[in-house]
Structures are given as structure tokens and as C-alpha cells.
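Structure first, then comments.
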Amino acid sequence: RVVAVIMVGGPTKGTRFRPLSLNVPKPLFPLAGQPMVHHPILACRRIPNLVQVYLIGFYEEREFALYVSAISNELRIPVRYLREDKPHGSAGGLYNFRDYIMEDDPSHIVLLNCDVCSSFPLPDMLEAHKRYGGLGTLLVIKVSAESANQFGELVADSVTNELLHYTEKPETFVSDLINCGVYIFTPEIFTAIQGVFTQRKDTANMRRMNSFEALQSATKALPVDYVRLDQDILSPLAGKKQLYTYETLDFWEQIKTPGISLKCSALYLAQYRYTSPHLLASGDGTKSATIMGDVFIHPSAKAHPTAKIGPNVSISANARIGAGVRLISCIILDDVEIKENAVVIHSIVGWKSSIGKWSRVQAEGDYNAKLGITILGEAVAVEDEVVVVNSIVLPNKTLAVSFQDEIIL
Ligand code: GDD
């Protein structure tokens, strides 16, 4: 039996995702027309003997209630949200709910960060984990040497795949092989986390006895019940024949910014060609808009037959796309209206926004740059014949004149 746990974080996390995370918890932001967290859940569904999926976070319960009940019905697998009263760190959060997780007596626990985009090769990873026979297996990938320091860098044995050395976001380069935030553990992981708690308590007691040292380290010490998976568990267990790695050669991205979410939307749309072709717009029939490349259109959205849409476009519920509109590489959220002959390129258009006739909302499409895509927050109105380039617009603004390279507060 396998239980999957997805760490979704909470409202104090995901600040780089603003203004899009002002309306919806980041894990529910749609990529390729489905909430971010939907993609790892679907991947978990492919694991044999999966009995339960838990989402653990510190968002309000009600923010996840609708999604969790809808997805449970759809997949016929119980999906449940467990709320932490405060952040306990990625391993502390898991430990907090060990009684729930162990209720189903799982032989394996699949643990995933919600903010990664991947093909999640979980069944193959589970097979590899069983062969290795360790406590845990990490999904890893090679990235460019310049970008590696944003992640956990690691060294693995090229023959046995054992994790030999692990450093979280090191200042000096260690390796271009990094931690993808996708793990398989045996239930002994709870003993390892318990070990960190015990060690913390002992150190805290020692400090109490030595008041000079207590003064020195009071600001540095983490709360006793805050345990990070990477620094507190992976680093000390590396090189002890307990942790192993499984390298993916498929796509992988970390989703920290709206720019990257646009790239990830494209990756998931491309994946639909193999996993869910019925979700891709075909453009067949005389009443349909012209479709180019991978496009998702929600069944309740309406696109005029003279609109030209794609590649990499996803259009959410109740959006209306007018005559002669051109959409390229963009995410159009619920209830958006795009009027006649407007153009949207490399942009995210927020809920209930409207774009006037002959207007252009566009960007260069550098997904890593701060203003590399244009973002309109919720309920932004771009009037007719206005041009917005490489800009971020906060919610509820009306733009009557054109802007370039600006953050409009
Ligand atoms: N429930 C809960 N409670 N979730 C948490 C908490 C917490 O206290 N703290 C973090 N998370 C969730 C985040 O939402 C995210 O999904 C995941 O745990 C990891 O977040 P961080 O601990 O902030 O780490 P990171 O995202 O900067 O880096 C981690 O992931 C990278 C891959 O994306 C590290 O494990 C890196 O080594 C790794 O490369």
C-alpha cells in the first residue's frame, strides 16, 4: 500500500507568485487549465496500490475544500487536506500528521513538493526504490551549473546511485545534479524525523544550562518542532547507505514565479498529447476558432470562429474571446473578456479582467526575467487601443493609456 503526501505550504510562502497568489492559493493556480497540484495528484494515481492522497499545508481549510472533494470524486481515490496550525517545515509538517498517514499501514510514502512541474515518473521510481532497499529515494535531475545553487545540490554514486553528499542551496558550487523535491520513503522516515526532534530538545536543554551560549545562539535556533527535510534529514543521512537517487531525463521545473508558470503550462499542455488528448482543443468544425499547437479551452469558454489561438494557450471557465483576437503563449483566467481584434502574447490575464478592442497585451517571453511576461491581476480593465508591454498590473486597475516595462501598483 502506498500513501501520497503533497506539501502545499501556506500563505506566507509563494510571495514571489504575486499578484496571482492574491486571489487563489498558489497550489490551485491553473497550469494547462488544471490546478497546479492536480498534475502531481494525477501522477500519483498511476502508482499501483495507492490508497490515499494527503495535501498538507497551512492555508485555511475552506480554500481547499471544494477542490479536494471534486478531485476525490473524479479520481475515486480519497484526497484530503490536512491543515497545520503553523509552519513546521517540510519534514515537521509530515511528522505532525504521522498518525493519519500510518492509518492505512503503508509500505511506502510518496512525498512531493507541490511547486514542481515534472512528468513525475513515480511507478519507475518506486521500483528503483525497492531495488535499492534504502530508507528513501530522491528524484534528481542535471541542470546548468549556473542555476544549480537555487536547489539542493548533491553527489551520487554513479554505480549504486547512493546519495553520497547533500547541500541545500550552497554558496559555492558542489554539483549540477539537484534535488527535484519528489521522494519515496519507507515509514522509517518518521523515526529519522523523531531523531532530529530529540536532538533539538537535548541541545535546547544544554543551552538552558549554559546561559552564555544561550544568549549567543538564541537568535539562530529554530523552533524545536520545525524540521526541514533537506538540511535536517537529507544532509546528515547522505553517505550512510540509507538514501538513493533516481535521475529523470524528462522535463522538470520549479514553479516559484508567474513567468515559470507560463513555461510549465506549455510543458503540461505538451504532455496532454500523450496522457489526455481529449483536453486539447482540436479546432475541428466551422464554428471553432483556428487552433495552432497545444491549446486548452474550458468547455464553458467561448471563442469566436475568427479568433486564432495558440500555441501554448489555456483558457479557463466562462472566458469570452472576441472576433479576430490573436492569442499566443498565454493563460487566460476565469471570466475574462477579450474584445475584437485584441492581441495577447506571453501574458497571464487575471480573473474578470477585460481587454478592449484593438489593444495589445504582450511581453518578450523571457520566462526567467522579472518583467519577461506581462501579468494583469484580477479585474484589470485595459481600454480600447491600449498597448501594455513587459508589465505587471495589480488588481482592479483601469488602463486608459499605454505602458511599457512598468509595475503598476
Ligand atoms: N505544509 C507545509 N509546511 N509545507 C511546507 C512547509 C511547511 O512548514 N515549508 C515548506 N513547505 C512546502 C512548500 O510549499 C514546497 O512545496 C515544499 O514544501 C518545499 O519548500 P521549501 O522548504 O521552501 O524549499 P524550496 O522549494 O526552496 O526547495 C526545495 O525544493 C527544491 C525543488 O523544488 C528543496 O528541497 C530543494 O532542495 C529542492 O531543490
Environment charge at N179 (Cβ cut-off 9 Å; Lys +1, Arg +1, Asp -1, Glu -1): -3
Candidates T257, T306, T172: whichever shows maximal mean-square fluctuation once the chain is modelled as a Gaussian network with Cα springs under 10 Å: T172
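For a test of the definition: using alpha carbon positions, the gyration tensor, and the 1.5 limit on a/c, classify segment 292-371 as rounded, prolate or oblate.
rounded
Restricting to Cα atoms and excluding each atom paired with itself, what does the Kirkwood estimate give for segment 279-329 in Å?
10.4
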Listed residue (Y81, L135, P27) projecting farthest to the positive dipole end of segment 1-140, Cβ model: P27
Charged-residue dipole, Cβ positions (Lys, Arg, Asp, Glu), segment 302-364 about Cα centre, Debye nearest 20: 180
C-alpha long axis of helix 189-209 to longest principal axis of the chain, angle in °: 70
Shape of segment 306-345, Cα gyration tensor, a/c cut at 1.5: oblate
Whole-number percent relative contact order across segment 251-409, with pairs defined as alpha carbons under 8 Å at least 6 apart: 14
Globularity index of segment 102-260, i.e. its alpha-carbon radius of gyration over 2.2 N^0.38 Å: 1.15
Net charge over other residues, Cβ less than 13 angstrom from the Cβ of A145 (K, R count +1; D, E count -1): -2
For segment 121-179: span of alpha carbons on each principal axis (Å, largest first): 34, 21, 18
Cα-only radius of gyration and Dmax that characterise the chain, units Å: 23.0, 80
Label-point separation in nm, D284 to H304, each point 7 Å along Cα→Cβ: 2.6
Student exercise, the chain dipole from Lys, Arg, Asp, Glu Cβ charges, in Debye to nearest 20: 400
Normalised alpha carbon radius of gyration of segment 31-188 [divisor 2.2 N^0.38 Å]: 1.09
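Using the beta-carbon distance between E168 and V51 and R0 = 41 Å, what value does 1/(1 + (r/R0)^6) give for FRET efficiency, to the nearest 0.05?
Between E168 and V51 the formula returns 0.85.
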0 to 90° range, to nearest 10: angle between helix 61-75 axis and the chain longest Cα axis: 80
Cut-off 11 Å between beta-carbons: net charge of the residues surrounding I255, Lys and Arg +1, Asp and Glu -1: +2
Whole-Å distance, taken between Cα centres, linking segment 54-76 and segment 149-188: 31
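Using the structure shown, list the pairs from K240/K263; K263/K397; K86/K240; K130/K240 with a Cα-Cα distance above 28 Å, or answer none.
K240/K263; K86/K240
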Cα shape, segment 232-381, gyration tensor, a/c 1.5 rule: prolate
Mean projected area in nm² (Cα convex hull; one quarter of hull surface) for segment 1-102: 6.6
Rough spin-label spacing in nm, given labels placed 7 Å along Cα→Cβ, for A323 and R18: 4.2
Charge dipole magnitude, Cβ of K and R +1, D and E -1 - segment 276-337, Cα centre, debye nearest 20: 200
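Where a number appears in this text, it was derived from the coordinates with a stated rule and is not lab data. Since we're looking at a predicted model, the values are computed, not measured. Because the Cβ atoms are built from the backbone with ideal geometry, glycine has one as well, and the counts that use them run over all protein chains shown.
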